[in-house]
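So the structure is just underneath, and the comments pick up after that.
The values are calculated or read from the model by the stated rules, or taken from the named source; none is laboratory data. Remember, it's a predicted structure, so these values are computed and weren't measured experimentally. A quick note on method: Cβ atoms are made from the backbone with ideal geometry, for glycine too, and the neighbour counts reach across all protein chains shown.
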Amino acid sequence: MRALVKSKPEVGLWMESVPVPEPGPNDVLIRVKKSAICGTDVHIWNWDQWAQKTIPVPMVVGHEFVGEIAEVGSAVTKYHVGERVSGEGHIVCGKCRNCRAGRGHLCHYTQGVGVNRPGSFAEFLCIPEHNVVAIPDEVPDEVAAIFDPFGNAVHTALSFDLVGEDVLVTGAGPIGIMGAMVARRAGARKVVITDINPARLELARKVGIDHVVDASRQDLTEVMNEIGMTEGFDVGLEMSGAPPAFRSMIDAMNNGGKIAILGIAPVAFGIDWNKVIFKMLTLKGIYGREMFETWYKMIAFVQGGLDLSPIITHRIRIDEFRDGFEAMRSGSSGKVVMDWY
Ligand code: NAD
Ligand code: ZN
């Protein structure tokens, strides 16, 4: 089969011919229909320090996908050939303390599809039955193909009660924007999103986020005054990984505020911990999606009318993957979805 492979320890990905993975008794083989590019894939393409120490070469990359079941292992009971599915890209051990307590997202031995084991930029992908998620008819293919990052947004946004709360989202990348959309749907009072990139601010406006702030020009306290907020935000969703954004969020929180942190900073950075203490803030790190409660909520949001299609700015054929990565590397695209057929 054809697959996009990190086959050399240098910048780029290459379309190569590799064997079709063979499903074990508990595995499902999926014929990939669409696969989207994640920031992680861009790190792998760029072959940065993180990628160099994490990715064994050769590796088939990619983990955001939708497809159709082509084959099921002999012990698989839940799924059948022909079903339309996506799936959880974190493969958990099922045996550690957290897994056994039903907290798979906290597994101590998580393996990443397209990171530690072959991924979805391929004609076929093999994952355990446990990781497969059936996609209802109302969910379009391209939306199911971005369920992995949408799940990051949903997991982060639903970390704290949002009903009637004022929510600040820092970072209007695809995940930040989806997080803001979810916050509004989940009952937030005011939703403010910040970024410093005009293209991203434009995308946030286009999808109808109430208050879109250019953090390079406008101070958050000004914005809060303008929209009638006096004391500060109740909930923060950090979706940028940018130290100045995180610091401004801490400044803008109300006493007792809660912050869910998804954004990954390239290097360690400092914050004023005394502000965390005297404001009595709660900070919660977020990784991946809850298995499988986040998937359940994602499907419910889409079935309830949440339209994610404006987040997808590039729909291309797999052969145009170089253009897709170029768009992602520019930092100004929304999601890039690549079609296998
Ligand atoms: P992205 O890079 O597309 O978006 C980040 C946005 O933050 C960009 O639009 C950028 O312009 C903006 N930004 C930079 N400096 C800013 C500032 N000072 N104030 C406000 N905004 C600023 O990333 P994404 O794909 O939307 O993902 C969001 C973040 O989540 C990234 O940091 C990513 O690495 C991280 N992530 C974490 C997980 C996890 O499991 N924890 C999973 C996926 C992604
Ligand atoms: Zn485990």
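Condition check ((1) within 16 Å of ligand 2 (Cβ to nearest atom); (2) of a type in the set (S, T, N, Q); (3) closer than 16 Å to A183 by Cα) across all residues:
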| site | (1), (2), (3) |
| --- | --- |
| I261 | no, no, yes |
| F269 | no, no, no |
| W273 | no, no, no |
| K279 | no, no, no |
| G285 | no, no, no |
| R289 | yes, no, no |
| E293 | no, no, no |
| A300 | no, no, yes |
| G305 | no, no, yes |
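Assessment of segment 32-43 against the conditions (more than 16 Å from ligand 1 (Cβ to nearest atom) and free of Cβ contacts under 8 Å to residues at least 40 places away in the same chain) yields no matching residue.
Of the candidates V113, V66, V61, V81, the single residue that is within 16 Å of ligand 2 (Cβ to nearest atom), assigned by TED's automatic domain parsing to the domain that holds R322 and either touching a strand residue (DSSP E or B) at 6+ places or on another chain (Cβ under 8 Å) or at pLDDT 95 or above (or both) is V113. Given the structure, is G208 surrounded by fewer than 16 Cβ atoms within 10 Å (Cβ to Cβ), in contact with a helix residue (DSSP H, G or I) (Cβ under 9 Å, 6 or more places away or on another chain), small (G, A, S) and outside any helix (DSSP H, G or I)? For G208, the condition - surrounded by fewer than 16 Cβ atoms within 10 Å (Cβ to Cβ), in contact with a helix residue (DSSP H, G or I) (Cβ under 9 Å, 6 or more places away or on another chain), small (G, A, S) and outside any helix (DSSP H, G or I) - is met. Taking segment 92-115 as the range and being away from ligand 1 (no atom under 15 Å from the Cβ) and closer than 26 Å to P58 by Cβ as the test, the residues that pass are C93, Y109.
Could you please give the count of residues in segment 171-188 that are over 14 Å from H155 (Cα atoms) and under 15 Å from the mean Cα position of the chain (by Cα)? Within segment 171-188, residues that are over 14 Å from H155 (Cα atoms) and under 15 Å from the mean Cα position of the chain (by Cα) number 4. Condition check for R97 on (1) away from ligand 2 (no atom under 16 Å from the Cβ); (2) without any contact (Cβ under 8 Å) to a residue 12 or more places away in the chain: one failure, at (1). Just checking, does segment 266-278 include any residue being within 25 Å of K190 (Cα to Cα), among the polar types (S, T, N, Q), more than 11 Å from ligand 1 (Cβ to nearest atom) and not assigned by TED's automatic domain parsing to the domain that holds D137? Looking for residues that are within 25 Å of K190 (Cα to Cα), among the polar types (S, T, N, Q), more than 11 Å from ligand 1 (Cβ to nearest atom) and not assigned by TED's automatic domain parsing to the domain that holds D137, one finds none in segment 266-278, hence no. In segment 120-147, the qualifying residues are those that are crowded, with 19+ Cβ neighbours inside 10 Å and closer than 25 Å to R205 by Cβ, and the one that is nearest to ligand 1 (Cβ to nearest atom) is I146. Could you give me the residue pairs with C-beta distances under 7 Å whose first residue belongs to segment 46-59 and is over 13 Å from N116 (Cβ atoms), whose second residue is surrounded by fewer than 16 Cβ atoms within 10 Å (Cβ to Cβ) and among the hydrophobic types (A, V, I, L, M, F, W, C) wherever it lies, and which are 6+ apart or on separate chains? Listed by first residue and then by second, the contacts come to N46/V11; W47/V11.
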